[in-house]
Each structure stands twice: as C-alpha cells, then as structure tokens.
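Worksheet: one structure, shown below.
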Amino acid sequence: MPKKRAAKPEDSKEYQNAYTFCLRFQASVLCLRFRTAWKIPSLGFASYAEHHVWESDLLKQTNEWLAGEKYKDYLKQRDQMRLKEARGKVSRSDLLVFAWRIEQTVPLHKYQSDLEDVLRREDLPEYWKGFVEQCLLYAHPEIHPVTRPEPKAEARWDNDAQSNILEIKNVFADTPVEDFRSKRFVRDYLKLVKKLPGHWLTKTRTKKNFDKYRTALTLTKDQRGSDYEFGEILYGPTEDGKMENKNRENAKKVRQNAKKLKHPRGK
C-alpha cells in the first residue's frame, strides 16, 4: 500500500487563498493607487533595505508633524470643541469627526487608515491586514497561509454600567460554530462569566414543596416559634411521637434552607 503523501502548506485552503489574492491584488488599480499615494515603487520594494529607508522616512515625518505648531494648534481647537460639547454648543458626533480629521493629518495614522480602507474595499477580515500590507509593500511578498484566530472571551470593566461586561473577540464571517465549542473557549468563558453581575443566579436550584419554603420566608421568627411549633404549622399536629420528631427535623431543614434562599449570595 503506497504511503500517504505528507500535507504541504500549499495544499491548504488558506495558502491557496493567499496566493491567488496576491496575484490578482498586485495587478489591481487599488494597489497601484495606494503605492502611488505613499511613494512606494509601482512594482513594490525589491528588498527589506528599501522598505526600511521608506519606513524610517515615514516615522520621521510623523514625529516632526507631532512636534510641530500646526498639530499643537489642532489639539487646542479640539480641546475647545470638547468644552463646547460639554456645554451643549456642539454635538458629540461633530466632536468625533473633528478629532478624526486631526488624526488623519498624522502621516502614520493616515497610512494605517488607508490600509484599513483597502481591507474594506477588498471585503477582507481584520486578520488579513498583515498579509495585505506585505502585498502592498513588496514586489514579491512571502506567501503563507493566512490563518484565522480563534474566538476569545474577555471581561472588561464598563464605566457606564459600573460592572464587568463580557466581550467575544475574533469573530469573523468565516468563524465556524465549532470554534465556540472548543475546550479553550468554553474554559475561558465559564471562568469569565463568574465576574459578571448576577452570576449567583446560576447557583440557585429549584426547590420541591416550595410552598413550605414560602411559608418559612413569610413568617417572622416569633411566628415560626420553635422547630416543634414550626413543624406543626407546616405538617399539622400529630400524636405520633416518631412523626412528630420527623416533622421537627424537616421543619428545621426548611428553616435553614429558606435562609439560603433569602440570601443566595451568602450575604
């Protein structure tokens, strides 16, 4: 029986998607326009050394702009708009748009914004960003499988709600349902939900004969009396000594469990 051929990277769907995308994208008008706008050679950089020179220049322009008076003046205008927004003279949306426009004047931020625009135009998820950038920068980028990150559960503090909220990150159009059933995801999820408000509700259990617990919760301590008297309230009087003792023990359990029902979080 012939040996089964070992799987190669190029046999995977992720590798083939990356390869065919690169061939098509590098010949597109969108790629050429991006390269022209950012002074990248029309065919892309031939080496990392060329890219390093270009990247150093971009960082230099960014630092000079951030230290310049024009940018500082923009920040003062933004702070003034914040005061106006607090007084109700401008809307929150107007403030956010103005702040976004200021960020677009920063060379490095503008570059990242244009890169994300390419992703949107190509209808690609966020995890393709690194590979798309390589296709834009280099004439012959290294082709590799673009793998999808697994979904991840995270709990964070929300100042508006004044409580922890649970967020599920790394969810994309091609995320299969099976990813949410993985041992790692389920383990992290069950650990984090304990931080959410109302988790104590998961610890409560349905009680049989709830009417007896309701009686225990309704009556005051004086009305319940002793366990013997409470047993008569719950089960009725009896002349059978054994039944009387059993009713007293059951009444004691109902009283103790009712206290737990009233304070399920141990408060």
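The values are calculated or read from the model by the stated rules, or taken from the named source; none is laboratory data. Everything numeric here is computed off the predicted structure, so don't read it as measured data. Using ideal geometry, Cβ is built from the backbone for each residue, glycine included, and neighbour counts are taken over all protein chains shown.
A few remarks follow.
- Unique residue being at negative phi and crowded, with 16+ Cβ neighbours inside 10 Å when the list is L136, L166: L136
- Selection count, the range 83-93, where residues are within 27 Å of the chain's Cα centre (by Cα) and charged (D, E, K, R): 1
- So L30, is it closer than 24 Å to L124 by Cβ and in a helix (DSSP H, G or I): yes
- Any hit, the range 45-64, residues being in the same structural domain as K110 (by TED's automatic domain parsing) and assigned to a loop (DSSP other than H, G, I, E, B): yes
- Selection count, the range 40-67, where residues are exposed (fewer than 13 other Cβ atoms within 10 Å of the Cβ) and either in contact with a strand residue (DSSP E or B) (Cβ under 6 Å, 6 or more places away or on another chain) or farther than 16 Å from H109 by Cα (or both): 8
- Residue in the range 67-82 that is touching a residue at least 40 places away in the same chain (Cβ under 8 Å) and either within 34 Å of the chain's Cα centre (by Cα) or in the same structural domain as V97 (by TED's automatic domain parsing) (or both) present: no
- Looking only at residues in the range 73-120 that are of a type in the set (K, R) and surrounded by fewer than 11 Cβ atoms within 10 Å (Cβ to Cβ), the one that is nearest to A173 (Cα to Cα) is R120.
- Sole residue being closer than 30 Å to I40 by Cα and of a type in the set (D, E), chosen from D158, D174, D179, D123: D123
- Of all the residues in the range 138-174, those that are touching a residue at least 24 places away in the same chain (Cβ under 8 Å), β-branched (V, I, T) and touching a helix residue (DSSP H, G or I) at 6+ places or on another chain (Cβ under 9 Å) number 3.
- Filter pass, A161 being of a type in the set (A, V, I, L, M) and at pLDDT 90 or above: no
- The residue pairs whose first member lies in the range 97-124 and is in the same structural domain as E85 (by TED's automatic domain parsing), whose second member is of a type in the set (S, T, N, Q) and outside any helix (DSSP H, G or I), and whose beta carbons are closer than 9 Å, counting only pairs six or more residues apart or on different chains, are K110/Q104; S113/Q104; E122/S28.
- Residue list for the range 1-30, filter: among the charged types (D, E, K, R) and either modelled with pLDDT of 90 or more or closer than 13 Å to P145 by Cα (or both): K8, E10, D11, K13, E14, R24
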